[in-house]
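Trainee: Before anything else, here's the structure in question.
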Amino acid sequence: MKKIIVTAAAVMAAVGAFALEPVKLNAPDLDRGKSLMRSLSERHSVREYADRALSLQDLSDLLWAANGVNRPETGKRTAPSAMDRRDIQVYVLTDKGVYLYVPEESLLRPVAEGDYRQDVRGNKPAVNLLLVAEDGSSRFAGTDAGYVSQNIYLACTALGLATVSCGSMDEPAFRKACKLDDKQRIIVFHPVGYPK
């Protein structure tokens with residue numbers, strides 16, 4: 001009987017890990033937001049967030065601006081990448097779970113169920129965007145993540161969202177939540193939400 005209960009619990013845990021469904025993102029709305037010059041003028045770090053989830057359109061536009069495909073015929077991105085490596089992955093941590101942004105499919109692929117977001121000064125953002133280099137030993141990893149990070153800042157300003165780039169984090173917790181391997185390296189994360 002004990003063996004049956006343990007087996008049933010293991011099966012339920014395995015099923016729970018896949019309870020999250022992929023999220024199909026909206027097409028980016030290229031006609032919204034502030035101008036580039038206005039966004040540069042108003043860009044600043046914000047560490048306090050309203051207690052509400054991002055709309056699907058805001059999240060879709062933000063992720064596309066961060067590192068989405070802007071040339072479908074070649075798969076090239078909104079953020080430059082040294083030697084066209086495209087090795088910066090964006091993990092999205094929500095109150096429901098962890099997702100990997102798949103730019104080529106405009107999709108969030110489930111990674112883990114549960115709320116693994118990290119606070120910033122006691123504030124819980126709507127999402128954490130975690131920038132991960134697939135090849136953490138690459139000398140270009142920091143530079144490429146910097147391009148994506150700047151795109152996040154500018155998109156947040158243009159869309160009326162709040163963010164700050166954070167290098168200080170509970171890295172072991174993030175690594176576990178995102179199921180990263182030893183080769184992958186977390187460069188920086190962005191808490192993102194609506195301004196408080």
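Trainee: Using alpha carbons only, how many degrees (0 to 90, rounded to 10) separate the axis of helix 56-67 from the longest principal axis of the chain?
Mentor: That helix lies at roughly 70 degrees to the long axis.
Trainee: Of the peptides 150-161, 176-187, how do they stack up when ordered by the mean number of other Cβ atoms within 10 Å, highest first?
Mentor: Values: 150-161: 21.2, 176-187: 15.8.
In decreasing order of mean packing, 150-161, 176-187 become 150-161, 176-187.
Trainee: Continuing with the same structure: State, as an integer percentage, the relative contact order of the chain based on alpha-carbon contacts under 8 Å between residues 6 or more apart.
Mentor: Details: 384 pairs, mean separation 55.0, N = 196.
Relative CO of the chain lands at 28 percent.
Trainee: In addition: For each pair in Lys76/Lys183; Lys124/Lys176; Lys76/Lys176; Lys76/Lys124, compute the distance between the two Cα atoms and list the pairs where it is over 21 Å. Present the calculation step by step, with values, prior to reporting the outcome.
Mentor: On the way: Lys76/Lys183 24 Å; Lys124/Lys176 19 Å; Lys76/Lys176 30 Å; Lys76/Lys124 33 Å.
Too far apart for the 21 Å limit: Lys76/Lys183; Lys76/Lys176; Lys76/Lys124.
Trainee: Ok, one more. Which of Leu59, Tyr91, Pro172 sits farthest toward the positive end of the charge dipole of the chain, with +1 on the Cβ of Lys and Arg and -1 on the Cβ of Asp and Glu?
Mentor: After comparing all options, I get Pro172.
Trainee: Is there a quick way to get the dipole size of region 122-181? I mean about its Cα centre, with the Cβ of Lys and Arg at +1 and of Asp and Glu at -1; what is the value in debye to the nearest 20? Walk me through the numbers on the way to the answer.
Mentor: On the way: 5 positive and 6 negative charges, 38 e Å.
Approximately 180 debye in magnitude.
Trainee: So between Gln57 and Asp29, what do we pick up on full extension, going 0.36 nm a residue minus the alpha carbon distance? Please report the intermediate quantities before stating the final value.
Mentor: Numbers: separation 28, 0.36 × 28 = 10.08 nm, distance 0.80 nm.
Working it through step by step, the gained length comes to 9.3 nm.
Trainee: If you don't mind, there's one more thing I want to ask. Rounding to the nearest 10 and keeping the result within 0 to 90°, find how far the Cα-based axis of helix 141-159 lies from the longest principal axis of the chain.
Mentor: Computed tilt is about 70 degrees.
Trainee: Further question on the same structure: So, with +1 on the Cβ of K and R and -1 on the Cβ of D and E, and no other charges, what is the size of the charge dipole of the chain about its Cα centre, to the nearest 20 debye?
Mentor: 280 debye
Trainee: Which option, (i) 128; (ii) 103; (iii) 137, is the value of volume of the Cα convex hull per residue in Å³ that was calculated from these coordinates?
Mentor: Matching the structure shown: (iii).
Trainee: Starting from the Cα of Leu107, step 7 Å along the direction of its Cβ; do the same at Leu40; then give the gap between the two resulting points in nm.
Mentor: 3.7 nm
A short reminder: the numbers here are calculations on the coordinates, not readings from a lab. In this text the structure is predicted, and so the values were computed from the model without any measurement. All Cβ positions, even for glycine, are placed from backbone atoms using ideal geometry, and neighbour counts span all protein chains on display.
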